[in-house]
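The values are calculated or read from the model by the stated rules, or taken from the named source; none is laboratory data. These numbers were taken from a predicted model, which means no experiment stands behind them. Cβ: placed from backbone, ideal geometry, glycine included. Neighbour counts: every protein chain shown. Heavy atoms of the whole protein, side chains included, go into the accessibility calculation; ligands, DNA and RNA do not. Shrake-Rupley method; radii C 1.70, N 1.55, O 1.52, S 1.80 Å.
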Amino acid sequence: VNACVDVVLSGVKLLEALGLEPSEGKNHAVLNSGQELREAFAHFMERGAAAERFFSDAEAFQAIARTASEHPAAQLYVGGNAALIGQKLATNPDLKILLCGPVGPKLHELLDENVVVPPESMQERDEFHLILEYQAGEQWGRVRAPAANRFIFSHDLSNGALNMLEVFVSSLDEFQPDLVVLSGLHMMEGQSKEMRQRRLMEAVASISDIPTNIPIHLELASMTDQDFMSNIMHQQVFPLVNSIGLNEQELLFLTQSASGPHASLASWSGIPDVGVVSDILFWILKEHGKTAERASDLTRIHFHTLAYHILVTVDGHWGNQAAAVAAGARAAGTQACATDTIDTSKVFLKAPLEFVTSHTEAPSKISLNPDEPVVHWHREGISFHFTPVLVCKDPVRTVGLGDAISAEGLLYSEVYPQ
């Protein structure tokens, strides 16, 4: 239910256009000023990590958004995880997509014709999200980016309040979907604690109204409030959805929020360790997934990081996992390079060629075989499908990559009727 217009441009170019000098990096959970924007951008650029933040000052944000959208180097795209996943699925000519998010005139013009927007979802003004990209090795003052990534911020109240969720759920009767994809919960972090808690309860009530025979996928995104993450996981949302999509930042934040395995790890250094990632994914499905004793619908997690993807499923609920995880990896390589097929001269392999599958149990050691790029292992009724990604050397666009990966993986996934 989150949709917006993404204004994509070089972070360094925008900060220069705003007259903001390079500064020491400092993390801010919410941005209140240009000064804090500058510090947070430096903090994440130095780490080569993706992040998303709410900008609290409406007037200051409008001024920054104007400077950004009018910058000669800026590009305007469909934005918001929901709209991006819808847009990716809509490239398949046989699919019709229902999108309920705050859709303004510019966004409507950018959407694929296979995307249907109910009239109640239309609004007079677009919501703008600013995406500040940086390249591997790029310098800003003393900061040097170890990898290409982006820093996202917005002052977005309609998405932040999940305004379109009820419209979405009430539109399903007529639309009769085969799959529901939800995203945008992370946008609620800009709300007060009370408002967020109330809205989350309403969201849970709405999601509970979706017929149980329709699979639901939840796409997570960057968050900073551990209590809120813990609420989403423990009491409320996880048991209602069948599938989750997330990246390495969200996975680590999730285990830190709920004191799961490897929760003492402060951050990843380089490529996330496959054994550590597998332990956390296993724990999520063991603790919050469907079992004979637990009334949860969660049976699938699609994990993506730059170098590799893992699709984890509870046995007996999903099929075609090898194709699904491979399709997601292929989408990552083609979309980042903006090519129709993988161009081997433009990509390289960053995945570990050998790894262990766990650090908490007796692990098996796996060596990658290029002839069989999808590796499968099994642990207590849970299947893991791992594939390396052919990483684009010189990415054209990194935004929406996770959404494209999740969408493509879902398209190839086969859900067994229960």
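Observations on the model:
- Excluding ligands, DNA and RNA, the accessible surface per residue across the chain is 42 Å² with a 1.4 Å probe.
- Calculated translational diffusion coefficient of the range 106-258 (20 °C, 1.002 mPa s; Stokes-Einstein with Kirkwood radius over alpha-carbon pairs) equals 122 µm²/s.
- Among beta bridges that DSSP assigns inside the chain, antiparallel share in %, nearest 5: 60
- With all pairs of different C-alpha atoms in the average, the Kirkwood value for the hydrodynamic radius of the range 339-378 is 12.5 Å.
- Prolate/oblate/rounded call for the range 1-57, Cα gyration tensor, a/c under 1.5 rounded: rounded
- Reachable lysines, given that their alpha-carbon falls under 20 Å from the alpha-carbon of LYS13 and they are not under 8 places away in the same chain: LYS26
- Within the chain, helix-based [θ] at 222 nm, where runs of 4 or more DSSP H residues each add -39,500 (n - 2.57), nearest 500: -10000 deg cm²/dmol
- The GluC sites (Glu not before Pro) of the range 330-418 that DSSP puts in a loop, and whose beta carbon has at most 12 other beta carbons within 10 Å, are GLU380.
- The trypsin sites (Lys or Arg not before Pro) of the range 1-73 that meet both conditions, a loop assignment by DSSP and at most 14 other Cβ atoms within 10 Å of the site Cβ, are LYS26.
- Dipole of the range 4-154 computed with +1 at Lys/Arg Cβ and -1 at Asp/Glu Cβ about the Cα centre; of LEU18, ASN149, ALA83, farthest Cα towards the positive end is ASN149.
- DSSP-assigned coil residues among trypsin sites (Lys or Arg not before Pro) in the range 320-394, each with at most 14 further Cβ atoms within 10 Å: LYS393
- Placing R0 at 30 angstrom, the Cβ-Cβ distance between LYS96 and ALA292 gives a FRET efficiency of 0.25 after rounding to 0.05.
- The chain, relative contact order [Cα under 8 Å, separation at least 6], %: 15
- Overall, the anisotropy analysis places the range 313-364 in the oblate class: the square-rooted eigenvalues a ≥ b ≥ c of its C-alpha gyration tensor yield a/c not less than 1.5, with a/b not exceeding b/c.
- The Cα atoms of the range 242-325 give a gyration tensor whose axes a ≥ b ≥ c have a/c of 1.5 or more with a/b no greater than b/c, which makes the shape oblate.
- Two-site label geometry, ASP57 and ASP178: point separation in nm, points 7 Å out along Cα→Cβ: 5.0
- For the range 330-344, putting each phi into the Karplus relation 6.51 cos²θ - 1.76 cosθ + 1.60 with θ = phi - 60° gives couplings of 5, 4, 4, x, 6, 5, 5, 8, 6, 10, 6, 10, 5, 9, 4 Hz, in residue order, rounded to whole numbers and with x for Gly and Pro.
- Protein accessible area in the chain, 1.4 Å probe - carbon and sulfur %: 49
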